[in-house]
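Chemist: The structure that follows is given in the form of structure tokens.
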Amino acid sequence: MIQLTQKERLLLEDQKAHEELCILKYSSYAQQAKDPQLKQLFTTYAGQEQQHLDTVNQILAGQQPAMGSGQQQAQPPPPGPEGIGRQLAADAQNDAAICQDMLSTEKYISATYDTAIFEMIDANVRQALNHIQKEEQQHGEGIFNYMQSKGYYKPK
Ligand SMILES: [Fe+2]
Ligand SMILES: [Fe+2]
């Protein structure tokens, strides 16, 4: 049984709300996205966000987090062929906008995990949150790579 301090609990409640938001966003964006590849990517991520939420809820309930479940994570699909033409159609513009939103969301949530991890007393809890944070960064990387492959994102 884990005994959480008030500060730990408040930080974990925040992360719980973030994970719920991610599930909601990825699920609804998977429906909105026009490109099947993007739908697939967001559906996969929605499933992983659900695992994150389950882990945070376990910790909030005072249970030692189960670390095994997140191991067999589905790899995001490989980036598609180079985007055709420079003129973005309305569909592509919409897909690019939702990618941009999720990239910002992941960036923010990864940062809030960083803050939370520094306050955790239990080593296993730290490790579990660390594992989640790594996956948030992988989500960011997957979206970044997708956007780059479509010509939505051009690093300078
Ligand atoms: Fe998450
Ligand atoms: Fe994520």
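Chemist: Calculate, for the chain, the solvent-accessible area per residue in square angstrom, rolling a 1.4 angstrom probe over the heavy atoms of the protein chains.
Modeler: Solvent-accessible surface per residue comes out at 55 Å².
Chemist: On C-alpha positions alone, give me the angle between the axis of helix 90-119 and the longest principal axis of the chain, in degrees, nearest 10.
Modeler: Result, in degrees: 20.
Chemist: Okay, helix-only estimate at 222 nm for the chain: each DSSP H run of n ≥ 4 adds -39500 (n - 2.57), divide by all residues, round to 500 deg cm²/dmol; what do you get?
Modeler: Using -39500 (n - 2.57) per qualifying helix, the result is -25000 deg cm²/dmol.
Chemist: Once the convex hull of the alpha carbons of the chain is built, what does its volume come to per residue, in cubic angstrom?
Modeler: 101
Chemist: Still on this structure: Taking the Cα centre as origin and putting +1 on Lys and Arg beta-carbons and -1 on Asp and Glu beta-carbons, what dipole magnitude results for the chain, to the nearest 20 debye?
Modeler: The calculation lands at about 400 debye.
Chemist: Now for a separate question. Considering only Cα-Cα distances, which of the following residue pairs are longer than 32 Å: K7/K107; K7/K154; K16/K156; K7/K34?
Modeler: K7/K154; K16/K156; K7/K34
Chemist: Bin all alpha-carbon pair distances of the range 95-137 at 10 Å intervals from 0 and give each bin's fraction as a whole percent.
Modeler: Taking every Cα pair in the range 95-137, the percentages come to 29, 44, 19, 7, 0.
Chemist: Between the helical axis of 6-32 and the dominant principal axis of the chain, each derived from Cα atoms, what acute angle in degrees is found, rounded to the nearest 10?
Modeler: 20
Chemist: How much of the pair distance distribution for the range 7-67 lies past 17 Å, counting alpha-carbon pairs only, in percent?
Modeler: 44
Chemist: Angle check, please: helix 36-60 long axis (alpha carbons) against the longest principal axis of the chain (alpha carbons), in degrees 0 to 90, nearest 10.
Modeler: The two axes meet at around 10 degrees.
Chemist: Take the Cβ-Cβ distance between Q32 and N124 as r, set R0 to 35 Å, and report the resulting FRET efficiency rounded to the nearest 0.05.
Modeler: So, using R0 = 35 Å, E works out to roughly 0.40.
Chemist: Summarise the accessible area of the chain (1.4 Å probe, protein heavy atoms) by the percent that is carbon and sulfur.
Modeler: Accessible surface attributable to carbon and sulfur in the chain totals 53 percent.
The values are calculated or read from the model by the stated rules, or taken from the named source; none is laboratory data. Quick caveat: nothing in here was measured; it's all calculated off a predicted structure. Positions of Cβ are generated from backbone atoms using ideal geometry, with glycine treated the same way; all protein chains shown enter the neighbour counts. Each accessible area value is taken on the protein alone, full model and side chains, heavy atoms only, with ligands, DNA and RNA left out. Shrake-Rupley method; radii C 1.70, N 1.55, O 1.52, S 1.80 Å.
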